[in-house]
1. Can you give me the number of residues within the stretch 52-67 that are surrounded by 16 or more Cβ atoms within 10 Å (Cβ to Cβ) and free of Cβ contacts under 8 Å to residues at least 24 places away in the same chain?
2. Of all residues in the stretch 21-34, count the ones that are open to solvent by less than 30 Å² (accessible area, probe 1.4 Å) and either within 8 Å of the chain's Cα centre (by Cα) or closer than 13 Å to residue 49 by Cβ (or both).
3. Take the conditions part of a strand (DSSP E or B) and touching a residue at least 40 places away in the same chain (Cβ under 8 Å) and apply them to residue 70. Does it pass?
Amino acid sequence: MATANSMDPKTAPVSIATISSGFEKGDFLVREEKGQRVYFDFFEEAFNYIAYKGYIRMPKEDEREWMDTMNNVHASVKGGMKYNTGKLLMVLYRPIGAEKE
């Protein structure tokens, strides 16, 4: 499996997933490829779920860039977002085509 140092999300095609907080259905939300959304009551459950699928946390600088981009995109919607976007906590990635070991 790839490690955070072995694959640069800026130079290789990747799929991203996010963990956010602040929802009624569950305290934590994992958003992953193809619009899949899964709610969890505990952060550890959310993290373990997405890690099991082969996602790893982005390097801090890349993660900050993604968070800033997503915050700017949400802020650009006139009248605000239609749905609760929560507070973005973590951005993870997986090389496209990577198989879980």
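The values are calculated or read from the model by the stated rules, or taken from the named source; none is laboratory data. Here the structure is a predicted model, which means the values were calculated and not measured. Cβ sites come from the backbone with ideal geometry, for glycine too, and all protein chains shown count toward neighbours. When the accessible area is computed, the model is the full protein with side chains, heavy atoms only, and any ligands, DNA or RNA have been set aside. Shrake-Rupley method; radii C 1.70, N 1.55, O 1.52, S 1.80 Å.
1. 0
2. 4
3. Spelling it out, it is not the case that residue 70 is part of a strand (DSSP E or B) and touching a residue at least 40 places away in the same chain (Cβ under 8 Å).
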